[in-house]
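Have a look at the structure below before the remarks.
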Amino acid sequence: MILVIPTIYVDECLSRLIVNLLRKEGANAIYATDIGMNGKNDEEQLIFAKQKSYILITNDKKDFSKIAKKFTDHKGIIIISKSTPLGAYPKMVESILDKLTIVQDWSQMLIWISP
């Protein structure tokens, strides 16, 4: 069985470094600012990700924890701790990709990752 990692949509509140690291590891990662989604509110970000069947990565735990309850049919949300130093990003990306290959259905999942 071949596991396909879903497209990962990275919120503008995160560093482009995450996008670059994900792509380097072979993931299909899209950065909000690259597709004109910068400045959109959190609900708009999640609705966009949901419509495209993307998993959303953000560091906005407070808002997305609430929004995820309202929009229960999303494809998955990964929340990264705001306190994660840039130096920890490579290991964090590895952890994200490991989780994505283990879990086959990310629908409605909300995952918290901290360093």
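Tally up the residues in region 17-37 that are farther than 22 Å from D98 by Cβ and either crowded, with 18+ Cβ neighbours inside 10 Å or at pLDDT below 90 (or both), please. Lay out the reasoning, then the answer.
Of all residues in region 17-37, those farther than 22 Å from D98 by Cβ come to 32-37.
Applying the additional criterion that residues be either crowded, with 18+ Cβ neighbours inside 10 Å or at pLDDT below 90 (or both) yields 32.
Residues in region 17-37 being farther than 22 Å from D98 by Cβ and either crowded, with 18+ Cβ neighbours inside 10 Å or at pLDDT below 90 (or both): 1 in total.
Report every pair of residues separated by at least 6 positions or lying on different chains whose Cβ atoms are under 6 Å apart, first residue within region 41-60 and within 14 Å of I8 (Cβ to Cβ) and surrounded by 21 or more Cβ atoms within 10 Å (Cβ to Cβ), second among the charged types (D, E, K, R) and at pLDDT below 90.
Between residues of region 41-60 that are within 14 Å of I8 (Cβ to Cβ) and surrounded by 21 or more Cβ atoms within 10 Å (Cβ to Cβ) and residues that are among the charged types (D, E, K, R) and at pLDDT below 90, the close pairs are I55/K75.
The values are calculated or read from the model by the stated rules, or taken from the named source; none is laboratory data. Bear in mind that the values here come from a model prediction, so they are computed numbers and not experimental data. As a convention, Cβ positions derive from the backbone with ideal geometry for all residues, glycine included, and neighbour counts pool all protein chains shown.
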